[in-house]
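Only one structure is covered here, and it is reproduced in the block below.
Values quoted throughout were computed directly from the atomic coordinates according to the rules given, and no laboratory measurement underlies them. These numbers come from a predicted model, not from an experiment. Backbone-built Cβ (ideal geometry, glycine too); neighbour counts: all protein chains shown.
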Amino acid sequence: MLQYLIILLDDKSVSYCHYELPSDVSREESLMPLDTLRAGIVFAMKENLNIQFVYPEQALSAEYAEVIESIDHTKIKPEAQAKEADVLVLAEWKKQIPDDVEGATCIIRASRKELQENLEQVKDLLGKVMRLNVVLTDIEAFKDEDVAGYQSLLEALSDLLIDQFKIGRMVQLNLLTDRLLLTQMNNCGAGDTTLSLAPNGKFYLCPAFYYDDPEQDVGNLKDGLNIKNRQLMRLDHAPICRHCDAYQCKRCIWMNCRLTLDANTPSHQQCVVAHVGRNASRNLLKKMAEQGIHMSDTHEIKEINYLDPFNNYKKWK
Ligand code: SF4
């Protein structure tokens, strides 16, 4: 069932996930027209959806602000528009961390190499924010020989978290702490629980499909939604994912479409990255227990002997 509507206020709204903005988004008329914005809000009200507005770098006029503030919502903003952001996407985190991220929820988009080379900045961020979401930008390029390197990167991040926990700051880092608290799948939900509205007034499974090709819409504000084979976006129709306990995995259907040509079939890369993360969360929990650090609502994570659930298919019932 749909629960969320992501509204891209502009073609140049900041990317907060795996997709990159294409280089040709510098069209002059890229802002969502006010009438479209109003109609999007009415759609969300009728469908009882929570709205997440995604902002561009340029400031919006008072007219836009007034329409936006007419409904409860979450603001996802780039650094340039940090004021009143609920979620702040930090583009310049490697060079400079803004002062006003104290207690904030922030997103950084980074490759494994960028994280490894900038651990000091990550440490600074973990010392300030309440929650840090790291979006890995190089999952598609992940190879089996990268497993050990990613494991040691997560170990290093885990040590940074332990340092924070020891001084009483129970900061969250999605790559490691999400799995500690989950007892069931908490995936992205694109096309199932979440839908996106682009500045052209059309719906998309998620912003990535819009930026890849605006022809991939799943309906529009005028004619309504038209998601074909919608059941295929759901976990209960996902033959591999429904046997998996990497509950923190985003189960990115856009990445699935790119790498396996099927929204419902995950790539080996996505599964291995998620399982290395799952196992690193298990190690973090052990380290916390050894050091007498308690976090509420954590759950045991079982030891498993595979990194891709598909390799375990003989045990599925
Ligand atoms: S790790 Fe693989 S099987 Fe598990 S939820 Fe993620 S994509 Fe699906």
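Write down the Kirkwood hydrodynamic radius of the stretch 90-187, to one decimal in angstroms, obtained as one divided by the mean of 1/r over all alpha carbon pairs.
Mean inverse Cα-Cα distance, inverted, gives 14.1 Å.
Specify the inter-centroid distance of the stretch 247-270 and the stretch 1-56, based on alpha-carbon positions, in whole Å.
23 Å
Determine the equivalent ellipsoid of the stretch 161-317 by diagonalising the alpha-carbon gyration tensor, then write out the semi-axes as square roots of 5 times the eigenvalues, largest first, rounded to whole Å.
They are 34, 20, 12 Å, listed largest first.
With a Förster radius of 25 Å, plug the Cβ-Cβ distance of Glu47 and Glu69 into 1/(1 + (r/R0)^6) and report the FRET value to the nearest 0.05.
0.80
If the chain between Leu235 and Arg38 were fully stretched, how many nm would it gain, using 0.36 nm times the residue separation less the Cα-Cα distance?
Gain on extension, Leu235 to Arg38, equals 67.7 nm.
Within a 10 angstrom radius of the beta carbon, how do Thr260, Thr177 rank from fewest other beta carbons to most?
Least crowded to most crowded, the residues run Thr260, Thr177.
Among the DSSP beta bridges whose two residues both lie in the chain, what percent are antiparallel, rounded to the nearest 5?
Antiparallel: roughly 20 percent of the beta bridges in the chain.
About its Cα centre, how strong a charge dipole does the chain have in debye, to the nearest 20, once Lys and Arg get +1 and Asp and Glu get -1 at the Cβ?
Charge dipole of the chain: 1260 debye, to the nearest 20.
Compute the projected area of the convex hull of the Cα atoms of the stretch 1-139, averaged over all viewing directions, and report it in nm² to one decimal place.
About 9.5 nm², averaged over all directions.
Identify which of Ser30, Ser267, Ser281 has the largest mean-square fluctuation in a Gaussian network model of the chain, with springs joining Cα atoms closer than 10 Å.
It is Ser30.
If the viscosity is 1.567 mPa s and the temperature 4 °C, what Stokes-Einstein diffusion coefficient in µm²/s follows for the chain when Rh is the Kirkwood radius over Cα pairs?
In µm²/s, the coefficient rounds to 63.
Give me the percent of DSSP beta bridges within the stretch 1-144 that run antiparallel, rounded to the nearest 5.
5 percent
Okay, helix-only estimate at 222 nm for the chain: each DSSP H run of n ≥ 4 adds -39500 (n - 2.57), divide by all residues, round to 500 deg cm²/dmol; what do you get?
So the calculated ellipticity at 222 nm is -9500 deg cm²/dmol.
Which residue, Lys286, Lys222, Lys75, has the most motion in a Gaussian network model of the chain that connects Cα atoms within less than 10 Å?
In the Gaussian network model the winner is Lys222.
Pull out the extension gain between Glu300 and Lys228, defined as 0.36 nm times the separation in residues minus the alpha carbon to alpha carbon distance; nm, one decimal.
In short, 22.1 nm is gained.
Once you've got the GNM for the chain with C-alpha springs shorter than 10 Å, pick whichever of Glu20, Glu290, Glu120 has the biggest mean-square fluctuation.
Between Glu20, Glu290, Glu120, it is Glu290 that shows the largest mean-square fluctuation.
Over 30 Å between Cα atoms, which of Lys166/Lys302; Lys113/Lys166; Lys95/Lys286 qualify?
Lys95/Lys286
Arg282 to Asn186: FRET efficiency via 1/(1 + (r/R0)^6), r the Cβ-Cβ distance, R0 22 Å, to the nearest 0.05?
0.85
For the residues Arg179, Arg109, Arg282, Arg242, what sequence is obtained by ranking on other C-beta atoms within 10 Å, fewest first?
Ranking Arg179, Arg109, Arg282, Arg242 by Cβ neighbours within 10 Å, fewest first, gives Arg242, Arg282, Arg109, Arg179.
Extending each Cα 7 Å along its Cβ direction at Ala141 and Glu20, get the distance between those two points in nm, one decimal.
Result for the modelled spin labels: 0.9 nm.
Could you list His268, His299, His275 so that the one with the fewest beta carbons within 10 Å of its beta carbon is first and the one with the most is last?
Ascending number of Cβ neighbours within 10 Å: His299, His268, His275.
Could you work out how far the C-alpha centroid of the stretch 281-317 sits from that of the stretch 174-225, in angstrom?
28 Å
Which three semi-axes in whole Å describe the equivalent ellipsoid of the stretch 172-265, each the square root of 5 times a Cα gyration tensor eigenvalue, listed largest first?
Semi-axes, largest first: 26, 15, 12 Å.
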